[in-house]
Amino acid sequence: MTAESDIPYASATALLDLYRNRALSPVETARTLLDRLALLQPRLNAFTIVDGEGAMAAARQSEGRWLRGEAVGRLDGVPVTIKDLVLMRGFPTRRGSLLVDPEQDWSEDAPATARLREAGAVILGKTATPEFGWKALGDSPLTGITRNPWNLDRTPGGSSAGAAAACAAGIAPLHVGSDGAGSIRIPAAFTGIFGLKPSFGRVPAYPSSPMGLLSHIGPMTRSVADAALMLTVLAQPDDRDPYALPPDPRNYLDGLDGGVRGWRIGYSADLGYARVDPEIAAAAAEAVRRFEELGAIVEPVDQIFAPPREALFTLWAAGAARIVAGFPAERHGLLDPGLLATAQAGAEITAADYLDANSVRTALAQRMAEFHRRYDLLATPMMPVPALPVAQDLNDPATERHWLDWSPFSYPFNMTRQPAATIPCGLTSGGLPIGLQLVGPLYGDARVLRAARAFERTRPQRRPPI
């Protein structure tokens, strides 16, 4: 029997070994984590829905299967959470908005939720998001402010805010996030966990995102191995997504510990245009030196592409306009003001504007394909600033107009559809996490995971002081 105090930070792979050896029961795990959730939720506000009854029922069923030697799937008895942009049958998916009517049919799981259930996972509940996932912060009109377990006065980032806060705080090892312009990687960096935005289509999505080809579904975990395990489950086919990649038989744990010896890694400290906090710049530079110690060839690279910010804003604002247009104008006053302003800008975008922005996206993808003919990976800082204070939308209001302006490293790789991950690489002097971003070629998800695992093994694991 593992000590109860060890359960919150146990990995999914460790939990499965304990179940297999009958040293721990899924019921004990679920009960411990639900108790921790109840204790921390008033401080973090990470959850929109807690399904304690459903979680305990699933845990008891899992316990019975393990006792009979009949475990199902790859995650039998492992606790997970679902972001509240992703459908979970039996409960409303409010998307952080007062405008979404909870009294409607909620009888369908999204593909990610369905695959987790099939694998035997125990779903604890749904995690908080800013309204419709529109921004990289952790507050919404529906649920209020979600807080960072490293410092409760700081945001965990967004839009997978609750998932990141819960993961960092030891409430379940596996969390479903989504990433349309950085929404897995930004909060993962701000909370000191691992987050992977897989290649577009690697994880089927349904319903389709209003942000179109920008949006990806992926894992948020405390270890790279857990993300590889989770991706193996999430990447299974679902015919509701016409953009899903062909069925993927790969086990992403295979080859995970193969290392990076001989790999060529291009390191860009600023992509040629970003302003980076000096502490973060130093931590990222030190992190890429670790790759040299691991046998990789690391080369500094100059600007790879022109800043795509305006093209991304065009695509993003058009998606926001599409969301808001689905609700009566007399109710728009209930929206997050920033979302409404973005949607109003989007309503002015012409078809020609949108197609021009899409051309920029295509050219950017082609440029990165050329880059990866020379380099196995691109490394950058993940966030140029530490986690912002809660309820503060801009890091520097004098020079910024939108949250995109303080997240320059994230959205280019939504535009290109490449796999990209963030992994913790240090703390600021104020005790806030710093992340390093690793970007792989399109469909090179296994390569990103393998590099992240190699780096992870050189670093101590840290827990927030909550």
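The values are calculated or read from the model by the stated rules, or taken from the named source; none is laboratory data. From a predicted model like this one, the values you see are computed outputs, not experimental measurements. For neighbour counting, all protein chains shown are included, and Cβ atoms are generated from backbone atoms with ideal geometry for every residue, glycine included.
Only one of these conditions is not met by Thr416: (1) surrounded by fewer than 21 Cβ atoms within 10 Å (Cβ to Cβ); (2) under 18 Å from the mean Cα position of the chain (by Cα); (3) polar (S, T, N, Q). Which number is it?
The single condition Thr416 does not satisfy is (1).
State the number of residues belonging to segment 102-127 that are in contact (Cβ under 8 Å) with a residue 24 or more places away in the chain and either over 14 Å from Phe91 (Cβ atoms) or among the aromatic types (Phe, Trp, Tyr) (or both).
The qualifying residues number 10.
Just checking: which of the strands (runs of 3 or more DSSP E) contained wholly in segment 208-326 hold 3 or more residues that are in contact with a strand residue (DSSP E or B) (Cβ under 9 Å, 6 or more places away or on another chain) and either within 30 Å of Tyr9 (Cα to Cα) or free of Cβ contacts under 8 Å to residues at least 60 places away in the same chain (or both)?
Where strands (runs of 3 or more DSSP E) fall fully within segment 208-326 and carry at least 3 residues being in contact with a strand residue (DSSP E or B) (Cβ under 9 Å, 6 or more places away or on another chain) and either within 30 Å of Tyr9 (Cα to Cα) or free of Cβ contacts under 8 Å to residues at least 60 places away in the same chain (or both), they are 216-221.
Could you say which residue among Asp238, Asp254 is acidic (Asp, Glu) and out of contact with any Pro (no Cβ under 7 Å at 6 or more places or on another chain)?
Matching residue, one of Asp238, Asp254: Asp254.
Mind checking which pairs have a first residue in segment 71-91 that is under 23 Å from Ala128 (Cα atoms) and among the basic types (Lys, Arg) and a second that is outside any strand (DSSP E or B) and at pLDDT 95 or above, Cβ under 7 Å, 6 or more apart or different chains?
Lys83/Thr129; Lys83/Ser160; Lys83/Ala163; Arg89/Trp106; Arg89/Ser107; Arg89/Glu108; Arg89/Asp109
Among what's in segment 163-172 and is more than 10 Å from the chain's Cα centre (by Cα) and closer than 21 Å to Trp406 by Cβ, pick the residue that is surrounded by the most Cβ atoms within 10 Å (Cβ to Cβ).
Ala165
Among the listed residues Val298, Val276, Val288, which satisfies the condition of being out of contact with any Phe, Trp or Tyr (no Cβ under 7 Å at 6 or more places or on another chain) and modelled with pLDDT of 95 or more?
Within the list Val298, Val276, Val288, the selection yields Val276.
Is it the case that segment 344-367 has a residue that's in a loop (DSSP other than H, G, I, E, B), over 20 Å from Ile184 (Cβ atoms), touching a strand residue (DSSP E or B) at 6+ places or on another chain (Cβ under 6 Å) and at pLDDT 95 or above?
For segment 344-367, residues in a loop (DSSP other than H, G, I, E, B), over 20 Å from Ile184 (Cβ atoms), touching a strand residue (DSSP E or B) at 6+ places or on another chain (Cβ under 6 Å) and at pLDDT 95 or above: absent.
Can you tell me how many residues in segment 148-193 are out of contact with any Lys or Arg (no Cβ under 8 Å at 6 or more places or on another chain) and closer than 12 Å to Thr129 by Cβ?
Matching residues across segment 148-193 total 6.
Report, by residue number, each residue of segment 149-182 that is within 20 Å of Thr113 (Cα to Cα) and part of a strand (DSSP E or B).
Leu174, His175, Val176, Gly177, Ser178, Asp179
Can you go through Glu293, Glu330, Glu348, Glu310 and tell me which one is closer than 25 Å to Gly144 by Cβ, out of contact with any Gly (no Cβ under 8 Å at 6 or more places or on another chain) and of a type in the set (Asp, Glu)?
Only one candidate passes the filter, namely Glu330.
Take segment 285-303 and flag every residue that is surrounded by fewer than 18 Cβ atoms within 10 Å (Cβ to Cβ) and under 30 Å from Ser359 (Cβ atoms).
Across segment 285-303, the qualifying residues are Glu299, Pro300, Asp302, Gln303.
Which residue is surrounded by the fewest Cβ atoms within 10 Å (Cβ to Cβ), if the candidates are limited to segment 192-216 and must be at pLDDT 95 or above and at positive phi?
Result: Gly201.
Can you tell me which residues in segment 110-148 are in a strand (DSSP E or B), touching a strand residue (DSSP E or B) at 6+ places or on another chain (Cβ under 6 Å) and at negative phi?
Within segment 110-148, Val122, Ile123, Leu124, Lys126, Thr127, Asp139, Ile145, Asn148 meet the criteria.
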